[in-house]
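The values are calculated or read from the model by the stated rules, or taken from the named source; none is laboratory data. Worth saying up front: this structure is predicted, and the values here are computed from it rather than measured. Neighbour counts run over all protein chains shown; Cβ positions are idealised from the backbone, glycine included.
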Amino acid sequence: MTDLALPRTARLSAALPQYGVYAAVLVLLAFNAVFTDNFLTGANLRTQLIQVAPVLIVALGMAMVIGTEGVDLSVGSVMALSAAALPLYLGYGMWPAIAMALLTGVVVGAVNGLLVAVVGLQPIVATLALLVGGRGLALVLAEGRLKQIENADLLALGSDDLLGIPVVVVIAGLLSLAVGLLVSRTTYGRQLVAVGGNRAAATLAGLPVRRVLLGTYVLCAVLAALAGVLATARLTASDPSAIGNLMELSAITAVVVGGTPLNGGRIRVLGTVAGALLMQLLRATLISHNLSDSTAQMVQAVIILGAVYLARERRR
Amino acid sequence: MLDVRGVSKRFPGVLALQDVSLTVAPGEVHALVGENGAGKSTLIKVLTGVYTPDEGQVLLDGAPVSFGSPREAQNAGISTIYQEVNLVPLMSVARNLFLGREPMLPGGLIDFGRMHREAAQTLARFGITVDVRRPLRSLGLGAQQMVALARAVAVDAKLLIMDEPTSSLEPREVQTLEAVVRDLSAQGIAIIYVSHRLDELYRLCDRVTVLRDGRGVHSGKLADLDRLHLVSHMLGRDPAAVSREGLTGFEGHHDTDAEPLVSVRGLTRRHVLHDVSFDVRPGEVTGLGGLLGSGRSETAKAVVGALPLDSGTVTIGGRRLRRLNPAAAIRAGMVLLPEDRKAEGIVPELSVRENIVLAALPRISRFGLVSRKRQDRIVETFMQRLRIKAASPEQPVGELSGGNQQKVLLARWLCLHPRLLLLDEPTRGIDVGAKAEVQALVDELARDGLAVVLISSDLEEFVEGADRVVVLRAGAVTGELTGDEVTEAGIMAALAGEQA
């Protein structure tokens, strides 16, 4: 019954999906420290963290949605919508513009949530509709054009430091902490996990299942909208046709590699952070060793399969 | 025609079928009955090739057969109709009827003209006249069931297995179905008929096999067995020698003169519940009695708002609940320990602690933040009081034994201080020790003034636990037993539909 009674291999296979992702990050860092020139330098690590920040922010929301046994495919389109909305309101200053950009997230999230929780559509179908429609709407808002960002405040958000750390990274870090606390310490967070773990039991226990689902989709979309704002600030231009492309897949990868099971009931926030870092470091490593992007993609695929396989073992 | 000889089937930890034998002659309608877990579905799955028996033989027309898949069984002439219609709802009626054996034109195209003509003819024999080009789902459930039946028979079936075919049908549709069954048996098709509706069985079936706990406990002519004896075989109790030995954790009955706390009136849901009304008094255990499929679990679910209703009201403490949903019911103090602990009760990955406080979260939170201290206090209190055995409160509840899982669920409700506790099979699948503990706890709670509703297939538990029994049959209340009438014999008579 206890862990000690398990054979060594069983203990290993129980520990791997839980801690494997952290080990993999460390292994990769160690590998690069030895074999890659100029990898463990401040400048490079800084670049890596800046690049991973938007993915991580989106993945945090994705982890919560996946925790409800759902998935949100519309996050990339939400980034595009938020990026398209941003320049339209920059005339009123940075904060109103950001507020409007985040509002697009609230709206899309509410639509997703209503389709899933009230209408009862499959999450993959409901959010697929917004994946397609959202980007279309973003292009209409932006009149199909890329717009340079001239607002100094917003540009500073993308390039400034806070205590020597890029603002974007600080925001991603704080959000990770916030989502971690939200999931583990609040009523909403615990209800969220229960809804994902056993929807029928949660309903019978009188949990506000619909409200929890709705809230989760809204949160996920707002985080995606924020990622859209930060990516735009970083890019110094609003480009709704390119921003957030395939972001849903990167986010799902980070979540799954981080050990959050796709069938809900468990959310690993720290694992998601490590998952996003792992995928980022992996790509950087492969590219710095002159492997092509297409090779990098194939390696990523192997990592994803491995992560899902390990998670499957654990469920037995 | 069909000869099942000494079939056994083992699953990890359970012997689902033990030396079961069954013979069915051509043209015979054979009733297969038994309570939940008696082994009926396992036997059917053996006959239809879903499972391979571990021991024993199945002979069809005198030759031993062994089916590797449902398809092989079908090719051998065994057709099955399940409770739910297993067809393609979006395809037309005719296509469903001919699925996989469509009449063909040269060149591999379906001969739709001929298919529609033949489909209409076939269905007319079953009393159905519809446009066969309509999608199947546009038909009523009864008509869909008929299409399934027509399809099953059309594939040259020798043996037809019908697993609760009438559970979702209207009375008129049941009549048509019964006529079809008689017609088929007249054509020499052997039929195994599974149903919990005794009226139907007695109208249709020639012989009966009763399963209990995976064994065949009785086989013979149905006409020779009266209802009381049939039910006593199913439940495993001898109606003549009902001895009261006090084997349960219940200690005698409680006072029953208090004013009703909860009044349930006119619960109705098409095909499921028909005008169910009863009262529950505080300090008393009210039993909801009935065979499987009588609507007892559905009634319990309806009271706490977990089953949508067409009409009906629930009043607690004089206040009528305006909206019936689980959250509102819990706020009003009504909680249900569901029958299916795994599917509807526990959240297996969450810890014992989190499962206990799940429903209480809003009450122990401030500004949306859960107080760990209050959680720990509740968890400690109830783990002690209910003697929940877990490595620690942080152990995932899925790793606990059934009895301890059940106690966790009880703790989840008791920490809310409910006024009405509905228990659906509270001791099913838990070990003897935990069973007595749960029974004693229920007894104590009733003594302390809680209103309790008990559903149990364990007749002993039911008789000793319930102070009053509301008898349900086919989704309707057919009687009420109080005081001295609550005996095994009395309950069995009421379940069987005979006067005690």
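Below is a table of values for the structure above.
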{"quantity": "Hey, residue B:247 under 24 Å from the mean Cα position of the chain (by Cα), modelled with pLDDT under 90 and either surrounded by 21 or more Cβ atoms within 10 Å (Cβ to Cβ) or away from chain A (no Cβ under 14 Å) (or both) or not", "calculated": "no"}
{"quantity": "Answer residue from region A:200-224, given it is small (Gly, Ala, Ser) and not in a helix (DSSP H, G or I) and is surrounded by the most Cβ atoms within 10 Å (Cβ to Cβ) among those", "calculated": "A:205"}
{"quantity": "Failed item in (1) touching a residue at least 40 places away in the same chain (Cβ under 8 Å); (2) farther than 16 Å from residue A:225 by Cα, with residue A:127 passing the rest", "calculated": "(2)"}
{"quantity": "Verdict on residue B:384 being in a helix (DSSP H, G or I), more than 27 Å from residue B:305 (Cβ to Cβ) and over 31 Å from the mean Cα position of the chain (by Cα)", "calculated": "yes"}
{"quantity": "Check on residue B:306, more than 14 Å from chain A (Cβ to nearest Cβ), of a type outside the set (Ser, Thr, Tyr) and not in a helix (DSSP H, G or I)", "calculated": "no"}
{"quantity": "Condition met for residue B:353 (in the same structural domain as residue B:417 (by TED's automatic domain parsing), in a helix (DSSP H, G or I) and free of Cβ contacts under 8 Å to residues at least 24 places away in the same chain)", "calculated": "no"}
{"quantity": "Which listed residue, of A:272, A:232, is assigned to a helix (DSSP H, G or I), in contact with a strand residue (DSSP E or B) (Cβ under 7 Å, 6 or more places away or on another chain) and surrounded by 24 or more Cβ atoms within 10 Å (Cβ to Cβ)", "calculated": "A:232"}
{"quantity": "Qualifying position, being under 18 Å from residue A:51 (Cα atoms) and not charged (D, E, K, R), among A:244, A:259, A:265", "calculated": "A:244"}
{"quantity": "Region B:336-350, residues that are part of a strand (DSSP E or B) and more than 8 Å from chain A (Cβ to nearest Cβ)", "calculated": "B:337"}
{"quantity": "Residue B:389 being of a type in the set (Lys, Arg) and either touching a Leu at 6+ places or on another chain (Cβ under 6 Å) or not assigned by TED's automatic domain parsing to the domain that holds residue B:359 (or both)", "calculated": "no"}
{"quantity": "Matching entry among A:127, A:47 (being out of contact with any strand residue (DSSP E or B) (no Cβ under 7 Å at 6 or more places or on another chain), modelled with pLDDT of 90 or more and assigned to a helix (DSSP H, G or I))", "calculated": "A:127"}
{"quantity": "Tally of residues being modelled with pLDDT under 85 and more than 7 Å from chain A (Cβ to nearest Cβ) across region B:351-365", "calculated": "2"}
{"quantity": "Set A:152, A:200: member being within 14 Å of another protein chain (Cβ to nearest Cβ) and without any contact (Cβ under 8 Å) to a residue 60 or more places away in the chain", "calculated": "A:200"}
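Here's the yes/no breakdown for (1) more than 13 Å from chain B (Cβ to nearest Cβ); (2) under 27 Å from residue A:146 (Cβ atoms); (3) part of a loop (DSSP other than H, G, I, E, B):
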| residue | (1), (2), (3) |
| --- | --- |
| A:174 | yes, no, no |
| A:192 | no, no, no |
| A:226 | yes, yes, no |
| A:243 | yes, yes, yes |
| A:251 | yes, yes, no |
